[in-house]
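Written out below as structure tokens is the structure these notes cover.
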Amino acid sequence: MTVDALTDVAGLRVGHATRTGDGWLTGTTVVLAPEGGAVAAVDVRGGGPGTKETDALDPRNVVQKVEAIVLTGGSAYGLDAASGVMAWLEEQGRGVRVSADPAHVVPVVPAACVFDLGRGGDFRARPDAATGRAAVEAAAASEPGAPVREGCVGAGTGATVGATKGGIGTASVVLDSGITVGVLVVANAAGAAVDPETGVLYGELFQGRVEYPEARVHEAARRRLTESAAKNPLPPLNTTLAVVGTDARLSKAQAQKLAGSAHDGIARALRPAHLLNDGDTVFALATGDRPLDAGQPLALNDLLAAGADAVTRAIVRAVRAAESVDGPGGAWPSYRELYGDGKTGGDRKTGGDGELGGDRRPHGER
């Protein structure tokens, strides 16, 4: 049984830590690999990335596997969340062994951030090491194959997409070979997910027949977006992040190709993408449970195409699952408020803890 999420890749777990209220609108999401790690790679296409440990993922370099990936709000400040994840991994004895003593490990924790500073009203309200620890503990406490909460949670709490609210989305697919590809995205883009002429989500144009909103609904939505935009004082400094996971056995070079091809999924769902104001970054994780079919030289191509398609679908789900925000830091209506639920089920209940209200402490959520 699958849950249409990154966690359909056996061994991968997801945990969120969310901070809202009293000036906060941000959070951190951790993708935790199986113990022993997963082959990892990254591809950065945005002009303004905020990242940590991405050089270690270059196929030419020594690190082969990582134990976790951190996606976080807070712009470059929020990268401190990775420190909390490193500390937790060290306590578990998970990381690169650097001596004969099994306790002597250095966890390599790649991380990337989105810009959400000030969106809750307080520019200094951003994730820290405690937020990262809460997220990784939530991931570790989750059941294998558990559903992943979507929308305004974790690193997607303060996310926006153009003039609308963004958030977390996830999706998965099982190929004819039995290989699973799963995706988790933080949709937070300077570009838009919505066609301004019709109100249709760009990403849904690649999923078959679409239902176009009525003209009166679209006009009302455009007026609402104009009103909201007037309340937003900050420039559109954004970033879309993704983790593409698979149980296929890949080299680091193949994993890097998977991360690069997945950017096609961003470009289909968000227009324009990969701007100077974006830091679009895609990580790939390969657990290696299933070999690629050596007798099928194009088997990797199927994997690459599936990753890009799943990214597009995950972005659509992120936008549809998001909830409106109208507060001291600005106003971003959700697509659901503007156009209704549509046919893809943005209200799908996926479990996880509820919203955290005004509590300033980080809490973990599965």
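Things to note:
- Of the residues making up the stretch 87-129, those that are open to solvent by less than 50 Å² (accessible area, probe 1.4 Å), farther than 28 Å from N277 by Cα and part of a helix (DSSP H, G or I) number 3.
- Flag for A229 being at pLDDT below 95, out of contact with any Asp or Glu (no Cβ under 8 Å at 6 or more places or on another chain) and small (G, A, S): yes
- Screening P291 against (1) modelled with pLDDT under 95; (2) under 30 Å from E197 (Cβ atoms); (3) surrounded by fewer than 24 Cβ atoms within 10 Å (Cβ to Cβ) leaves a single unmet condition, (2).
- In the stretch 188-220, the residues that are assigned to a loop (DSSP other than H, G, I, E, B), free of Cβ contacts under 8 Å to residues at least 24 places away in the same chain and open to solvent by 20 Å² or more (accessible area, probe 1.4 Å): D195, E197, T198, G208, R209, V210, Y212, E214
- Taken over the stretch 311-327, the criterion of being under 18 Å from V200 (Cβ atoms) and open to solvent by less than 10 Å² (accessible area, probe 1.4 Å) is satisfied by T312, A314, I315, V316, A318, V319, A322.
- Residue ID - nearest to the chain's Cα centre (by Cα), chosen from residues in the stretch 50-60 that are more than 19 Å from V31 (Cβ to Cβ) and open to solvent by less than 70 Å² (accessible area, probe 1.4 Å): D58
- Only listed residue being touching a Ser or Thr at 6+ places or on another chain (Cβ under 9 Å), of a type in the set (G, A, S) and either open to solvent by less than 10 Å² (accessible area, probe 1.4 Å) or within 19 Å of V63 (Cα to Cα) (or both), chosen from A299, A262, A242: A242
- Within the stretch 174-204, restricting attention to residues that are touching a strand residue (DSSP E or B) at 6+ places or on another chain (Cβ under 8 Å), closer than 23 Å to G154 by Cα and of a type outside the set (A, V, I, L, M, F, W, C), the residue that is modelled with the lowest pLDDT is G191.
- Close pairs (9 angstrom Cβ cut-off, 6 or more residues apart or separate chains): over 23 Å from E227 (Cα atoms) and modelled with pLDDT of 90 or more in the stretch 327-351, aromatic (F, W, Y) and in a loop (DSSP other than H, G, I, E, B) anywhere: none
- Some residue of the stretch 215-227 being closer than 30 Å to D293 by Cα, more than 21 Å from the chain's Cα centre (by Cα) and not charged (D, E, K, R): no
- The single condition from (1) at pLDDT 95 or above; (2) under 19 Å from R209 (Cβ atoms); (3) of a type in the set (D, E, K, R) that E323 fails is (2).
- Checked against the criterion of being open to solvent by 10 Å² or more (accessible area, probe 1.4 Å), in a loop (DSSP other than H, G, I, E, B), closer than 17 Å to G47 by Cα and aliphatic (A, V, I, L, M), the stretch 266-274 contains one or more residues that satisfy it.
The values are calculated or read from the model by the stated rules, or taken from the named source; none is laboratory data. These figures come from a predicted structure and were not determined experimentally. Cβ: placed from backbone, ideal geometry, glycine included. Neighbour counts: every protein chain shown. Calculation scope for accessible area: heavy atoms of the full protein, side chains included, ligands and nucleic acids excluded. Shrake-Rupley method; radii C 1.70, N 1.55, O 1.52, S 1.80 Å.
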